[in-house]
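The values are calculated or read from the model by the stated rules, or taken from the named source; none is laboratory data. The structure displayed is predicted, hence computed values, not measured ones. As a convention, Cβ positions derive from the backbone with ideal geometry for all residues, glycine included, and neighbour counts pool all protein chains shown. Side chains included, ligands, DNA and RNA excluded: accessible areas come from the protein's heavy atoms. Shrake-Rupley method; radii C 1.70, N 1.55, O 1.52, S 1.80 Å.
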Amino acid sequence: MRLTEGAPGSRILAFGGYQPTRVVTNDELAATIDTSDEWIRSRVGIASRRIAGPDETLADMAAAAGGKALAASGLSPADIDLVIVATCTPEAPIPNTAATVATRLGIVAPGAYDLNAACAGFCYALATASDAVRGGTARNVLVIGAEKLSQWVDWTDRSTCIIFADGAGAAVVGPVAEPDDAPGIGPVVWGSDGDMADKIFIADRNSFIVQEGQAVFRWATTALHPVAKAACERAGVDPASLAAFVPHQANLRIIEAIARKLGAPQARVADDIVHSGNTSSASIPLALSAMIERGELGSGDTALLLGFGAGISYAAQVIAVP
């Protein structure tokens, strides 16, 4: 038996993001439910969010983000041999979104699968893509986090409808350019806590998303900063040298609490949630795409990613910005 020879390391070649055009403000929500702009901002830090139209599918958004990342990478569709879509809101269990998106982008006969780790999904998918490149089972991988959470939200429930939103973010992962180059994706630190599975869930196909906000807040603000620090340690990166900290955009107060405990005061902290809402697996690549487009991060900068959410699942890794 022979084994495939892989690459000495992996890296991200490019990011891409997509958001629906419809902007839903806090004032718009306050016209239909018992809430206010001040109440929403003070509790979750959101000013507005993007919501997909009724005819805009998850695959539409995933393909748009994936297409941008592919174009920015300089690769052609023929160069991609694996497509992974991280999502917890597929249109249907089958067919998988990844194969549909691959065909739309002109990627012929790639490996293709969906991955559900909810809000940690992008970090899980990035880790498995990196392992595939290093293990030799793929040369270049298109990784997409995409969600249409609006179709699973009860728009009369102010505990959830103020939070969740729609969008997609993507990255192209490939091998390091030269054998002696430093890897661009560090080791993943991941885990789960099934005892908390009932804190964020959708009971069945006829139900809406349910979240116990206070329980999630307490868990996230106490349990996750050691995970973030462990990812830095495994990558051999001092938190004090990080250019950015890009956590899942769950709640601005959670983000700020974890950032304070990380010990990286110089790092730019992503706050995409303010105008994007919580887009689950799409939030990290969306935030990174926006930060790069605004010129807030440069090529080679190190960024710590931290995904966490329903499951309860979590994952973190350090990356080099393409």
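Is at least one residue of segment 184-201 over 25 Å from A228 (Cβ atoms), modelled with pLDDT of 95 or more and crowded, with 18+ Cβ neighbours inside 10 Å? Scanning segment 184-201, I find no residue that is over 25 Å from A228 (Cβ atoms), modelled with pLDDT of 95 or more and crowded, with 18+ Cβ neighbours inside 10 Å, so the answer is no. The sole residue among A215, A243, A257, A203 that is farther than 21 Å from Y124 by Cα and either in contact with an Asp or Glu (Cβ under 7 Å, 6 or more places away or on another chain) or hydroxyl-bearing (S, T, Y) (or both) is A243. Contact map, segment 45-57: residues that are open to solvent by less than 40 Å² (accessible area, probe 1.4 Å) paired with residues that are modelled with pLDDT under 95 and part of a loop (DSSP other than H, G, I, E, B), Cβ distance under 8 Å, separation 6+ or inter-chain. Pairs shown: G45/N251. Within segment 263-302, the set of residues being in contact with a helix residue (DSSP H, G or I) (Cβ under 6 Å, 6 or more places away or on another chain), at pLDDT 95 or above and within 16 Å of V318 (Cα to Cα) comprises V269, A270, I284, P285, L297.
Hey, among the residues in segment 154-181 that are in a loop (DSSP other than H, G, I, E, B) and at pLDDT 90 or above, which one's most open to solvent (accessible area, probe 1.4 Å)? Across segment 154-181, the extreme among qualifying residues is T156.
A residue that is open to solvent by 40 Å² or more (accessible area, probe 1.4 Å), assigned to a loop (DSSP other than H, G, I, E, B) and not charged (D, E, K, R) cannot be found anywhere in segment 66-73.
Scanning segment 257-278 for residues that are out of contact with any Cys (no Cβ under 9 Å at 6 or more places or on another chain) and in contact (Cβ under 8 Å) with a residue 60 or more places away in the chain returns D271, I273, V274, H275, S276, G277.
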